[in-house]
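Asker: Quick one: the structure is below, and I'll ask about it shortly.
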Amino acid sequence: MTETQRKIGFVVCLVTIVLAVLDMQIVSAATVPIVRDLDPAHGIDKIPWLVSAFALASAAMLPLYGKLCDVLGPKRVFTGAIATFLLGSALCGAAQSMTQLIAARAIQGLGGGGLMSVTMVVIAHLKGPEEKSAGKGTNVGGLVAGGAMAIGPWIGGLLADHASWRWIFYVNLPVGLAVLAASAFALKLPEQHVRRPIDYPGAALAAAFSSALLLVTDWGGKQYAWSSPVVVGLMVAAAGALALFLWRQTRAPEPVLPLSLFRVRELRLGFAIQAIMGGAMMCAIYYVLIYLQVARGIGSSSAGLYLLPMAVGMSATGLLSGPLTARGWTARTFTISGTATTALAFVLLATTTGPDTSLWLIRAELLLVGAGFGQLLGQLILLVQDAAPRHQLGVATTSVRFFQTLGTALGASVFGTVLARLYAAHGPGGDISALTRMTGAAHADGIQAFIDATQVVFWGGAGLMTLAALLALRLPRTRGSQGPAPVRESEPVAA
């Protein structure tokens, strides 16, 4: 590729990441107008599926996307994922019922699973040797993803308030078509001409496991009790699918997630830290927003603005990553510093959050949270890509996203259960939603019980990031990132 093509390729990848992350977050702020338009009588009961359908389809496709990249080459998979995403977006915008919208969100999620993960594979192929050593591109991609995650709900609220909710989906079409056109011109990537089998049974088992697990985390303690037959059945199904998947990976000639990857210390620690980070990031974003709305009476659109300092913190550490890398910082250094910084930020949130806490202090703490996560986003992917064998680059990269998705789902479920049960044990009314109907002393007691429960959640986030910091300390010391492992003579070589 020419230098111009490479630069266009980087821009294409960054825009694709923004599309992927925004569509995971943006719908949450537009649920009310969607329900009001499509099904005002019963649509409220179907709102969770607007998010779940996308997340389930996206997570189910991740292991397969990685293997397809290694077998077919990343460009074909990249363009296929974008085309599927755009088809789903068009169907979402044209939906005339909640059922149609949910089905279209699932189609959108099938493509969305590749937008984030496959894009990181493409970035790895676009980088030159000097950029691999500096982590350029991968780190920027991670920061763009984090910033989009932080401002997604705010953008969704603006579109819902000042335009039709359908534009949340229609806006993807011109941007996505431009991405397809630019990628056709700019992306000249290796393709595999030696056909290798794809472990479709393994991919199906991975999809069954992740779908069952995500449904457990989404339904458990909310739609159904944890001891209900539905949730228990899903737990059994997830455990069975996982056992069969692991068995399949030991026997498939081309496993969709080779267990040999876990023999590499950087990979297994990187996967674990990424999963922990997913749960902690959900804790920071979701429960700070709930605190602002429930305890401080701030509207949803205004509460979303409080995440901007978090995005600023991520961007600031992104700007500093270059000079720090030049001074000898490695992916390991960033990971240790990032996990420690985020753990400190959660400790501050846990100890200072109260009914009258200065909102500027909350902003400062979110800035620190962003500074911590900004050191991790991209660097963990770089760490994994550097350690992965070249012929397994796609599988290793998409696995990072897969474990983050599972960690996010588990974190949201566990923290949500902790918050609800602590409030039920110590607060009036038994349910947090009852706070909106309380007045006087009962309301004050309820707010205090909610804040006490929220502080425990933040302590949980601090504990998770402390564990991540301890794992980061076990990463092997290296001189720096040297790019993906070289291809051995016996490995398939891209043309």
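Quick note: the coordinates plus some simple rules give every number you see, no bench work behind them. Because the structure is predicted, anything quoted here is derived from the model rather than measured. Here Cβ is always computed from backbone atoms with ideal geometry, including for glycine, and neighbour counts include all displayed protein chains.
Asker: Would you list Trp165, Trp226 from fewest to most Cβ contacts within 10 Å?
Answerer: By the 10 Å Cβ count, ascending, the order reads Trp226, Trp165.
Asker: Treat the count of other C-beta atoms within 10 Å as a stand-in for reagent exposure and order Lys7, Lys46 from fewest to most.
Answerer: Ascending Cβ contact count within 10 Å gives the list Lys7, Lys46.
Asker: Starting from the Cα gyration tensor of region 261-485, take the square roots of the eigenvalues, sort them a ≥ b ≥ c, and report rounded, prolate or oblate (rounded when a/c is under 1.5, otherwise prolate if a/b is larger than b/c, else oblate).
Answerer: Here region 261-485 falls in the prolate category.
Asker: Using Cβ contacts closer than 10 Å as the measure, can you line up Arg105, Arg477 from fewest to most?
Answerer: Placing the least packed residue first, the sequence is Arg477, Arg105.
Asker: Apply the a/c threshold of 1.5 to the C-alpha gyration tensor of region 199-255 and tell me whether it is rounded, prolate or oblate.
Answerer: The shape class here is prolate.
Asker: For Cα pairs less than 8 Å apart in space and 6+ apart in sequence, what is the mean separation divided by the residue count of region 209-352, i.e. the relative contact order in percent?
Answerer: Reported relative contact order: 11 percent.
Asker: Counting pairs of alpha carbon atoms under 8 Å apart in space and at least six apart in sequence, what relative contact order in percent does region 261-485 give?
Answerer: Contact order relative to length: 39 percent.
Asker: Under a 5 Å amide H to amide H cut-off, with H placed in plane at 1.01 Å, what residues pair with Tyr306 once short-range neighbours are removed?
Answerer: For Tyr306, whose amide H was placed from the backbone, there are no distant partners under 5 Å.
Asker: What nm distance separates the two modelled labels at Leu361 and Ala444, each placed 7 Å from Cα along Cα→Cβ?
Answerer: Taking the two extended label points, one gets 2.0 nm.
Asker: Per residue of region 109-124, in order, report the coupling 6.51 cos²θ - 1.76 cosθ + 1.60 (Karplus, θ = phi - 60°) as ³J(HN,Hα) in whole Hz, putting x for Gly and Pro.
Answerer: Working through the residues one at a time gives x, 4, x, x, x, x, 4, 7, 6, 5, 4, 5, 5, 4, 4, 4 Hz.
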